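Below you'll find the structure, written out as structure tokens, and then a few comments.
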């Protein structure tokens, strides 16, 4: 674990529980609660929203924690069918709506460097047995006082503790292009971003090899709530 991570944990331990990021500019403090949101690929509306607790926020890295049981917003088909259960050929063309749900399973630590067109998520098995890193290719995140906004780019990379990696969701990436959600120029940019991410993995750059897999959340942190205005316009 790095010195920054140790100091982050010390600072968080001194806080009295968690607190909402009170719509203030500047850096967030450990324990602040923010929203991590994604815009719909077919429009500008927000279709994914996850309340997160800030672990670290510096010029180099934003680290946030999504606790088990966190209330969130996700897309479903208009009839309520989970998106992943719809055949790929019609998955992105059928009408959708959003629904409130909660994050099941173990929590997720999300790490993002400011200008990277991806974020890196850490997953654990029960009992804090580290499972893998997940490189989520996405639009570089836009900060606003209440959180960050991005847009998912479908294509992902899974990285394992033995350092081998594999592409994920290439079929969804291809279908999104066929359905007009991923113009050719953007698809080329995403592929280039993926290649850059692979080079970064091969070099074992930050956050790989930085000890984050040994990180643990402050026991004083609670599960953030989902505000009624979770889809409010980002300002600031």
From the residues in the stretch 188-209 that are out of contact with any helix residue (DSSP H, G or I) (no Cβ under 8 Å at 6 or more places or on another chain) and assigned to a loop (DSSP other than H, G, I, E, B), which one is nearest to residue 35 (Cα to Cα)?
-> 207
Out of the residues in the stretch 71-88 that are touching a strand residue (DSSP E or B) at 6+ places or on another chain (Cβ under 7 Å) and in contact (Cβ under 8 Å) with a residue 40 or more places away in the chain, which is farthest from residue 148 (Cα to Cα)?
-> 71
In the stretch 89-109, the residues that are under 25 Å from residue 133 (Cβ atoms) and either out of contact with any strand residue (DSSP E or B) (no Cβ under 8 Å at 6 or more places or on another chain) or in contact (Cβ under 8 Å) with a residue 40 or more places away in the chain (or both) = 103, 104, 105, 107, 108, 109
Please specify each residue of the stretch 162-193 satisfying the condition of being over 21 Å from the mean Cα position of the chain (by Cα) and buried (at least 17 other Cβ atoms within 10 Å of the Cβ).
-> 175
Output yes when any residue across the stretch 102-112 is in a strand (DSSP E or B), surrounded by fewer than 17 Cβ atoms within 10 Å (Cβ to Cβ) and more than 12 Å from the chain's Cα centre (by Cα), and no when none is.
-> yes
Among what's in the stretch 117-138 and is without any contact (Cβ under 8 Å) to a residue 60 or more places away in the chain and part of a loop (DSSP other than H, G, I, E, B), pick the residue that is farthest from residue 190 (Cα to Cα).
-> 127
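Let's see how each residue does on (1) at pLDDT 95 or above; (2) touching a strand residue (DSSP E or B) at 6+ places or on another chain (Cβ under 7 Å); (3) buried (at least 18 other Cβ atoms within 10 Å of the Cβ):
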residue: 11; (1), (2), (3): no, no, no
residue: 18; (1), (2), (3): no, yes, yes
residue: 22; (1), (2), (3): no, no, no
residue: 28; (1), (2), (3): yes, yes, yes
residue: 38; (1), (2), (3): yes, yes, yes
residue: 47; (1), (2), (3): yes, yes, yes
residue: 50; (1), (2), (3): yes, yes, yes
residue: 64; (1), (2), (3): yes, yes, yes
residue: 69; (1), (2), (3): yes, yes, no
How many residues, within the stretch 71-93, are surrounded by 12 or more Cβ atoms within 10 Å (Cβ to Cβ) and more than 30 Å from residue 214 (Cβ to Cβ)?
-> 12
Would you check if there is a residue in the stretch 176-190 being modelled with pLDDT under 95 and touching a strand residue (DSSP E or B) at 6+ places or on another chain (Cβ under 7 Å)?
-> no
May I ask you to verify whether residue 221 is within 27 Å of residue 106 (Cβ to Cβ), part of a strand (DSSP E or B), touching a strand residue (DSSP E or B) at 6+ places or on another chain (Cβ under 8 Å) and at pLDDT 95 or above?
-> no
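The values are calculated or read from the model by the stated rules, or taken from the named source; none is laboratory data. Predicted model only: the values in this text are computed from it and were never measured. Quick reminder, even Gly has a Cβ in these numbers, built from the backbone with ideal geometry, and neighbours come from all protein chains shown.
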